[in-house]
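Presented below is the structure to which this report refers.
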Amino acid sequence: MPKIAEIEPTPNPNARKFVLKEPLTYGVSRSYDSAGMAEGDPLARAIFEIPHVTNVFYVDHWITVTQDGDGNWDELLREVARPIREAPAASAQSAQFAQMGQAAIDDESLSDADRLKLSQIMDMLDEEVRPFLQGDGGDLHVVGLRDNVLQVHYQGACGSCPSSLSATLSGIEMMVRRIDPELMVEAV
């Protein structure tokens with residue numbers, strides 16, 4: 001049962017980041033934009049049962065919850081804290097899911113050159129982008145590489161933050177062009 005160390009605001013006024021004393025996962029991020037998407041996740045499902053919740057994102061020692069803007073944060077924070085405290089801490093199963101991060105690179109339809117390019121991009125994002133997004137209660141997941149278009153999916157607070165879809169996306173595109181000047185980045 002994770003204990004909540006603190007609750008932080010994020011750049012997105014409709015999202016709050018809960019910092020935990022124990023991890024929920026080991027490097028595996030989970031992001032849900034609806035209760036239907038969270039069907040197999042008891043923690044996210046319980047949070048979606050709370051009115052006004054529109055997104056649940058968590059990884060390691062923190063969880064970000066986004067609301068629709070009509071909820072009162074004082075009330076929502078108390079309600080959301082309950083299922084977080086009742087959730088089990090990370091288990092050995094989480095470590096297995098961490099290996100799934102290579103799925104985009106292991107896509108058999110990619111050429112060897114594209115596979116290498118994607119690996120370099122993911123390393124760069126891990127080092128230069130993700131730590132900052134995670135510090136603000138969000139994250140970024142590479143969906144794939146098709147026809148010189150890198151597809152990324154924002155998670156957590158970043159998923160509904162206007163700056164993610166403009167400034168951050170533009171910055172990422174400039175970074176990946178160091179690897180391939182022809183690359184474009186698209187948020188999906």
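If you run the Gaussian network model on the chain, springs between alpha carbon atoms under 10 Å, then out of D139, D60, D126 the most flexible one is D126. Comparing L24, L140, L116 in a Gaussian network model of the chain (Cα springs below 10 Å), the most mobile by mean-square fluctuation is L116. Residues in the stretch 10-15 carry Karplus couplings, in order, of 10, x, 8, x, 9, 10 Hz; the curve used is 6.51 cos²θ - 1.76 cosθ + 1.60 with θ = phi - 60°, and Gly or Pro positions show x. Ligands, DNA and RNA left out, the 1.4 Å accessible surface of the stretch 108-188 is 52% carbon and sulfur atoms.
The long axis of helix 73-86 is offset from the longest Cα principal axis of the chain by roughly 80 degrees.
Put a dot 7 Å past the Cα of W73, heading toward its Cβ, do the same for V149, and the two dots end up 3.6 nm apart. From helices alone, the chain scores -9000 deg cm²/dmol at 222 nm; the rule is -39500 (n - 2.57) for each run of n ≥ 4 DSSP H residues, then divide by the residue total. Counting only alpha carbon atoms, the long axis of helix 112-128 and the longest principal axis of the chain meet at about 40°.
Length available on full extension from I7 to A167: 0.36 nm per residue minus the Cα-Cα distance, which gives 55.0 nm.
Descending by average beta-carbon neighbour count within 10 Å, the peptides 3-14, 42-53 line up as 42-53, 3-14, the highest first. Listed by chain and number, the lysines placed with their C-alpha closer than 17 angstrom to that of K3 are K17, K21; residues fewer than eight positions away on the same chain are left out. The mean sequence separation of alpha-carbon pairs under 8 Å and at least six residues apart, normalised by the residue count of the stretch 139-188, gives a relative contact order of 40 percent.
The values are calculated or read from the model by the stated rules, or taken from the named source; none is laboratory data. Keep in mind that what you see is a predicted model, and the values were worked out from it rather than measured. Virtual Cβ from ideal backbone geometry, glycine too; neighbours counted across all protein chains shown. Areas reflect the complete protein model, heavy atoms only, side chains present, ligands, DNA and RNA absent. Shrake-Rupley method; radii C 1.70, N 1.55, O 1.52, S 1.80 Å.
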